[in-house]
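Derivation of every value follows stated rules applied to the coordinates shown; laboratory data play no part. In this text, all values refer to a predicted model and were calculated from it rather than measured experimentally. Cβ placement follows ideal geometry from the backbone for every residue including glycine, while neighbour counts extend to all protein chains displayed.
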Amino acid sequence: MPMVLLECDKDIPERQRHIFLKTPEDDVRECLPIANVPTIPGSLSERGCAFCGAKLVIGGVLKDTIQMIHGPVGCAYDTWHTKRYPSDNGHFPLKYVWSTDMKEQHIVFGGEKRLEQSIHEAFDEMPDVKRMIVYTTCPTALIGDDVKAVVKKVMKERPDVDIFTVECPGFSGVSQSKGHHVLNIGWINEKVGTAEKEITSEYTINFIGDYNIQGDTFLLQKYWDRLGIQVISHFTGNGTYDDLRCMHQAKLNVVNCARSAGYIANELKKRHGIPRLDIDTWGFNYMAEGIRKVCAFFGIEERGEELIADEYAKWKPQLDWYKERLLGKKMAIWTGGPRLWHWTKSVEDDMGIEVVAMSSKFGHEEDFEKVVARGREGTYYIDDANELEFFEIIDLVKPDVIFTGPRVGELVKKLHIPYINGHAYHNGPYMGFEGFVNMARDIYNATHNPLAYLAGQDIRDPTPLVMPERLREVA
Amino acid sequence: MSMCEIATAKVPEIKVAPKERGGIINPMYDCQPTGGQYAGIGIKDSIPLVHGGQGCSMFVRLLFAQHFKENFDIASTSLHEDSAVFGGHKRIEEGVMVLAKRYPDLRVIPIITTCSTEVIGDDVEGTIKKCYQALADELPGRELHLIPIHAPSFKGSHVTGYDEAMKAIVKTMAKKGEPTGKLNVFTGWINPGDLKELKHYFAEMGVAANFLMDIEDFDSPMLPNKAIETHGRTTVEDLQNTANAAASLALGRYEGASAAELLKKEHEVPSHVMNAPYGIGNTDAMLRRLSEITGKEIPESLVRERGIALDALADLAHMFFANKKVAIYGHPDLVLGLAQFCMEVELEPALLLLGDDKGGRYKKDPRIAELKKHVHWDMEIIHNADLWELEKRVKEGVEYDLILGHSKGRYIAIDAGIPMVRVGFPTFDRAGLYRKPTIGYRGAIELAENIANTLFAHMEYTHDREWILNTW
């Protein structure tokens, strides 16, 4: 049976449908893990809420936009200081968050006045900022505040500001994924086409589904600049509100994260006839392939080949140094969803690493189709894994390194397994050629850590463990 | 701040007021369920179950992981749309049974509500009765304590959430039995390093205590056998015995004092609510009270420890700290305690931001009355504050020589180039602070030396009279 019922799940046997072990005999299409369905209460899942999918993942990245969260203070507090997306204007998105600080009287009598007041205060306190996204949260949705009416009123009173509303309370959908969808569709419905920017190149793209984690966007921008491609909008890494209003002006949508931003790419195709091109930006083979595809679209293949050749000459020897030392290392990926299929084959091809277990918090079945097709046999593919499952899977596959969040990282540290931040990276960026060398270096440093040997040593043991000679080398 | 400013006869202005804006820019506190969860993880064999959207527990777990660099188990009822329409009590029942079955050693499940489930109006107490019935049917003989904790996010802050949770836990669990002779110690929201310091004092005094909660293992080891020991140490029996203590000592007025008062009301346990023991004077008061309650003498060893602290502080106060204006923000008990500590070492607290929302209640705080008596410079105390209150003043040109506060305000200090010492919760951008005490005599040393070294590094980095330290 390719679907696996783990020992820890004997009391919640429905979990069997979510855990797939790929074997040579099975027809993959028959038995994908069930995904994007409600979590079992009390199972200690890793999932977040729809609100955070909209605010924390996408909207909050914008570098010129006030993030007004209409709700109790916690929704703002908790989606602040939890991401690593710098910006080229002094890291505005990292520094600020806004809340209407809903209290009991607003729950009882309605929170619209409080919202209106908070919006005015925010613009008054930061007079240089003219753009805002307002988010609803669980309680404001439940009491039925008419947020859009408030926003309309404020925009009438303040003609120089523009405000976008995201109505996506935490309880909607089953995970973060719902929030991605709501923001995508809301934006195309209300904002795309409401501004025009100057076109400076005949080759124009929207770069969609990259959030400038540790500077990914900055790194890729160097490639676009060299290729002579104008990026109309970054959705949303280091992006601006008004650039995103101009998405209709691009000739091509280049999509990295199809899960969080594929929706808007599809709509741009439907409504504005802009083709969608999906690429992978993590990994040498993938990045090169992506550049080739984009250049082929514009008929600038030669520029692409030159860029790739130069980047390979510069970075490939460094990657190969790591590959030699990482060959056969076993890795687990426990992240949101798309990084499973972005990474499984790229770390295998470029670094010689075997990905032995993968878990997705909010991926859909199409993500599993991709990852199971790209991933290895003998590997576990899990939807919405919970803590006890992690322990059992670790026992089964014995990974050398786990890409996951910092909290789970602290947990697996006790099991003497190093973690690397799979969401925010350790020392990135990880995208592009240079980025993948960074990722290889971080994996090398994680898997060649003398502390792992020391941790396994019981000082009462009469035969001390011998540390391998030259455990670490200088790259 | 010029070292040779001439003192003037101007009457100092001391303002106590709430912030004027309604909304928040950069919150300095989280919402109530966070406090409930922090109380819940302090219990041994406990997994709190948060009744709300998944973000309400996922981000709080991350917050604790950021601060303590540890993982804590917290579950969610994973509330979705259908529950918003039809009520979410079934999600609690299912969550409790799933936890009970999959975690056979589990003894306590604090059930913590959130804004959504309070608005929906789920009957948590009624649901708990149903859960006990279901447990009796499906897992006969299984001991499991379910504790209802109401933590609507639209009231108070994570500080009031903690206070409410401590009260709810004691209310549900306390059980009259044989006197234990121990003291209940409501520690407030402190770090493992603080708890170790408290335990040390109680050991030196020869007083047996029931620490609520015992969070010493929130700093837990990597062991050769790979055991995971990150959990609270306060047991079901400890909680039950809170009713049988000789007295309760609440170290702080807003973080656990309600639980001490409840035990007095319901179980006649005498309650002593005190200032949190930040600084020398507050620590002295705690030890004196301990001596009064128990009749035990304060030992010579503590007189010496106190002397070591004074010896360390005396090297720093009038030479390096005097005339320095300080902005402080965080939990009210911490901020007021730090302000008192500042007064002891000649630092001048000029702005206090109280991260909580209790309206005028702070005006009655004896610490504020005391500050008013001694402060001879202008001082602002803003309650229901946000971090923009500090940033705005800095941007408008108010000069502070030092910021004391948690990591959420780090960019104010970074961008304005103001020396900042991390203290409070959370302090994720400095290594290992949870391991060090801030309370007690040793906490005073840690604080003062951390402040001094931060000022020294700033002097060197900015080439501001760094040559003073060429000989010291």
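Compute the distance in nm between two label points, each set 7 Å from the Cα along the Cα-to-Cβ direction, one at B:TRP467 and one at A:GLU365. With each label point 7 Å from Cα toward Cβ, the separation is 7.7 nm. Given +1 on the Cβ of Lys and Arg, -1 on the Cβ of Asp and Glu, and no further charges, what dipole in debye does the stretch A:8-144 carry about its Cα centre, rounded to the nearest 20? Around 140 debye, computed over the stretch A:8-144. DSSP beta bridges confined to the protein assembly as shown are antiparallel in about 10 percent of cases. Rounded to the nearest 20 debye, the dipole magnitude of chain A is 500 debye, with +1 charges on Lys and Arg beta carbons, -1 on Asp and Glu beta carbons, and the Cα centre as origin. Stretched out straight at 0.36 nm per residue, the stretch from A:LEU454 to A:GLN105 would grow longer than its current Cα-Cα span by 120.0 nm.
Expressed per residue, the C-alpha convex hull volume of chain B stands at 166 Å³. Each of A:TRP343, A:TRP80 was scored by other Cβ atoms within 10 Å of its Cβ. Arranged with the fewest first, they read A:TRP80, A:TRP343. Taking other C-beta atoms within 10 Å as the exposure proxy, B:LYS296, B:LYS15 rank B:LYS15, B:LYS296 from fewest upward.
Starting from the Cα of A:LEU465, move 7 Å in the Cα-to-Cβ direction to define the label point; list residues of the stretch B:210-252 whose amide nitrogen is under 13 Å from there. Label zone hits: B:222-227. Rounded, prolate or oblate, given the Cα gyration tensor of the stretch A:181-332, with a/c below 1.5 counting as rounded? Prolate. Placing a pseudo-label 7 Å from each Cα along the Cα-to-Cβ vector at A:GLU14 and B:ALA246 gives an inter-label distance of 5.4 nm.
Provide the FRET efficiency to the nearest 0.05 for the B:LYS10-A:VAL474 pair, computing r from the beta carbons and using R0 = 60 Å.
0.45
Pull out a ≥ b ≥ c, the square roots of the eigenvalues of the alpha-carbon gyration tensor of the stretch B:51-158, then state rounded if a/c is under 1.5, prolate if not and a/b is larger than b/c, and oblate in the remaining case. Cα axes put the stretch B:51-158 in the oblate bin. Database remark: amide H of B:ILE147 closer than 5 angstrom to the amide H of B:ILE109, B:ILE111 (H placed geometrically; neighbours at sequence offset of 5 or more, or on other chains; Pro and chain starts carry no H).
When +1 charges are put on Lys and Arg Cβ atoms and -1 charges on Asp and Glu Cβ atoms, the dipole computed for the protein assembly as shown relative to its Cα centre reaches about 820 debye.
Between A:ASP88 and A:GLU301, what FRET efficiency comes out of the Förster formula 1/(1 + (r/R0)^6) with R0 = 25 Å and r the beta carbon distance, rounded to 0.05? Can you show the working numbers first?
Values: r = 30 Å, r/R0 = 1.21.
Once the sixth-power term is evaluated, E becomes 0.25.
As a quick test, which of the pairs A:LYS270/A:LYS293; B:LYS264/B:LYS363; B:LYS155/B:LYS176; A:LYS55/B:LYS129; B:LYS155/B:LYS264; A:LYS293/A:LYS314 have an alpha carbon distance above 27 angstrom in this structure? Result: B:LYS155/B:LYS176; A:LYS55/B:LYS129 exceed 27 Å. Local charge for A:GLY215 was computed over the other residues whose Cβ lies under 12 Å away, with Lys and Arg +1 and Asp and Glu -1, and equals -2. Considering only beta bridges that DSSP places wholly inside chain A, some 10 percent are antiparallel. Within the stretch B:171-201, the trypsin sites (Lys or Arg not before Pro) that combine a DSSP coil assignment with at most 12 other C-beta atoms in a 10 angstrom radius are B:LYS176. Extending 7 Å from the Cα toward the beta-carbon at both A:PHE391 and B:GLU449 defines two label points whose distance is 3.9 nm. Once you order the gyration tensor axes a ≥ b ≥ c over the Cα atoms, which shape class does the stretch B:184-252 get: rounded for a/c under 1.5, otherwise prolate or oblate by comparing a/b with b/c? Because a/c hits 1.5 or more and a/b exceeds b/c, the stretch B:184-252 counts as prolate. B:LYS325 sits among other residues whose Cβ lies under 10 Å from its own Cβ, and their net charge, with Lys and Arg +1 and Asp and Glu -1, is -3. Charge tally for A:VAL371 (other residues, Cβ to Cβ under 11 Å; Lys, Arg +1; Asp, Glu -1): +1.
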